[in-house]
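Below you'll find the structure I mean.
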Amino acid sequence: MTSRSVEIFELRIPIESISKLTAPQRYTYYLLGHIYNEMIALQKIIGFALPKHDDIRPARRNAEIAQVFFLFRMAASKIYEAQAAINSKEVRDTLNELVFDSSPDLLDLLRALNKSVGSANWLSRMRNGMGFHYPKFRDWETYTTPDASWVDDVVYFADEAGNTFFDPSATVALHWMFDKYKGYEAAESIDLLVNELVDLIKQINEFTNVMVAEIVVRIMPERKPKSLGTIIAPEHTKVVLPFWTHFPKKKPKGQ
């Protein structure tokens, strides 16, 4: 895999500057950074998990796709929670005091984010139905009742338990995930929902990144980043997160 040098910088924010913030302001500063860290990690991992090969055998393709959409459900759930946290009193008051009073145009970012999340009413279903919870019997009864379109269930596995994939369970989960999306049939909704979720992730990341940067500028106007040198990093588009992995053979006891 091709790697390149990436220069890393450090911005040190004195404790004296942090101490001047009120408790709600410090909460907002750290919370928005936390949301950004989680969402950018999910965005990267989802990209790494997307299949980057032409092998369309179900044993490989289905397992990798199921892994991708598990991450999508986590991202959708986090977006739902992030928007609620961003609109809490402490955060809104802090942003009004430290950001929007001097840069009122940035309020448009919050309005746009709230509009996007507010129109994505499927987020709460994703969060409550599977993202942060496991489905209850009544939630999946329709999706686990065979009809004329059903085929045999298939389980794929290798010698190690870590290389086991329950394909029928993943199929049920995906059917539930894409069903009832704005009135579309499940098969028609996949690209629409995925594209909407990707846009929401980008909006959350842009908003939190800009807001934290604005707070830092307010408490430390003269920023002096310091170069820490370079880190060898793989090319982003070449990184892969496979499902099937080779486990080292276990040594017999006594060796």
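Just to be sure before I move on: is F132 touching a strand residue (DSSP E or B) at 6+ places or on another chain (Cβ under 9 Å), closer than 25 Å to S169 by Cα and of a type in the set (F, W, Y) in the structure I sent?
So F132 does not fit the description; no.
Which residue out of L174, L197 is within 19 Å of the chain's Cα centre (by Cα), of a type in the set (A, V, I, L, M, F, W, C) and within 16 Å of S119 (Cβ to Cβ)? So that I can check it myself, show each step before the final result.
Details: L174 fails: within 16 Å of S119 (Cβ to Cβ).
Result of the check over L174, L197: L197.
Within the range 88-127, take every residue that is within 25 Å of the chain's Cα centre (by Cα) and outside any helix (DSSP H, G or I) and give me the one that is farthest from W176 (Cα to Cα).
Looking at residues that are within 25 Å of the chain's Cα centre (by Cα) and outside any helix (DSSP H, G or I), I get S88.
I'd like to know if the range 217-240 contains one or more residues that are basic (K, R), part of a helix (DSSP H, G or I), loosely packed, with under 15 Cβ neighbours inside 10 Å and at negative phi.
From the range 217-240, those basic (K, R) are 218, 223-224, 226, 238; that's our starting set.
Remaining after also requiring part of a helix (DSSP H, G or I): 218, 238.
This time we only want the ones that are loosely packed, with under 15 Cβ neighbours inside 10 Å, so: 238.
Now narrow it down to the ones that are at negative phi: 238.
Yes, there is a match, as at least one residue in the range 217-240 is basic (K, R), part of a helix (DSSP H, G or I), loosely packed, with under 15 Cβ neighbours inside 10 Å and at negative phi.
Residues that are under 20 Å from I219 (Cβ atoms), assigned to a helix (DSSP H, G or I), under 19 Å from the mean Cα position of the chain (by Cα) and modelled with pLDDT of 95 or more: does the range 55-77 have at least one? Spell out how you get there, then give the answer.
Let us first name the residues in the range 55-77 that are under 20 Å from I219 (Cβ atoms), namely none.
Within the range 55-77 (the criterion being under 20 Å from I219 (Cβ atoms), assigned to a helix (DSSP H, G or I), under 19 Å from the mean Cα position of the chain (by Cα) and modelled with pLDDT of 95 or more), the answer is no, since none of the residues qualifies.
Where the second residue is of a type in the set (S, T, N, Q) and the first is part of a loop (DSSP other than H, G, I, E, B) and lies in the range 130-143, which pairs have Cβ atoms under 8 Å and are six or more apart or on separate chains?
From residues that are part of a loop (DSSP other than H, G, I, E, B), the pairs are F132/S77.
Then there is this: Residues in the range 13-34: is at least one farther than 21 Å from G162 by Cα, aromatic (F, W, Y) and either at pLDDT below 95 or surrounded by 15 or more Cβ atoms within 10 Å (Cβ to Cβ) (or both)?
Start the filter on the range 13-34 by keeping residues that are farther than 21 Å from G162 by Cα, which leaves 13-34.
Right, trim to aromatic (F, W, Y) and you get 27, 29-30.
Retained after the next criterion (residues that are either at pLDDT below 95 or surrounded by 15 or more Cβ atoms within 10 Å (Cβ to Cβ) (or both)): 27, 29.
Yes, the range 13-34 contains at least one residue that is farther than 21 Å from G162 by Cα, aromatic (F, W, Y) and either at pLDDT below 95 or surrounded by 15 or more Cβ atoms within 10 Å (Cβ to Cβ) (or both).
Given (1) closer than 15 Å to D179 by Cβ; (2) exposed (fewer than 14 other Cβ atoms within 10 Å of the Cβ); (3) not β-branched (V, I, T), identify the lone condition not met by W150.
Exception for W150: condition (1).
Moving to a separate point now. List every residue pair whose Cβ atoms sit under 6 Å apart, with the two residues 6 or more apart in sequence or on different chains, where the first one lies in the range 13-37 and is closer than 29 Å to K202 by Cα and the second, anywhere, is of a type in the set (S, T, N, Q) and in a helix (DSSP H, G or I).
Close Cβ pairs satisfying both conditions: P24/T94; Q25/T94; T28/T94; L32/T208; I35/T208; Y36/T208; Y36/N209.
Turning to a different aspect of this structure: For the range 160-172, name all the residues that are more than 25 Å from K44 (Cβ to Cβ), surrounded by fewer than 15 Cβ atoms within 10 Å (Cβ to Cβ) and touching a residue at least 40 places away in the same chain (Cβ under 8 Å).
Once the filter is applied, which keeps residues that are more than 25 Å from K44 (Cβ to Cβ), surrounded by fewer than 15 Cβ atoms within 10 Å (Cβ to Cβ) and touching a residue at least 40 places away in the same chain (Cβ under 8 Å), the range 160-172 yields only E160.
As an exercise: evaluate N37 against (1) loosely packed, with under 13 Cβ neighbours inside 10 Å; (2) at pLDDT below 95 and give the number of the one condition it does not meet.
If we test N37 against (1) loosely packed, with under 13 Cβ neighbours inside 10 Å; (2) at pLDDT below 95, just (2) comes out false.
So, one more: For the range 173-189, give me the residue count where each residue is without any contact (Cβ under 8 Å) to a residue 12 or more places away in the chain and hydroxyl-bearing (S, T, Y).
Residues meeting the conditions: 2.
F247 passes all but one of (1) out of contact with any Asp or Glu (no Cβ under 7 Å at 6 or more places or on another chain); (2) exposed (fewer than 15 other Cβ atoms within 10 Å of the Cβ); (3) closer than 24 Å to D55 by Cβ; which number fails?
(1)
The values are calculated or read from the model by the stated rules, or taken from the named source; none is laboratory data. Worth saying up front: this structure is predicted, and the values here are computed from it rather than measured. A quick note on method: Cβ atoms are made from the backbone with ideal geometry, for glycine too, and the neighbour counts reach across all protein chains shown.
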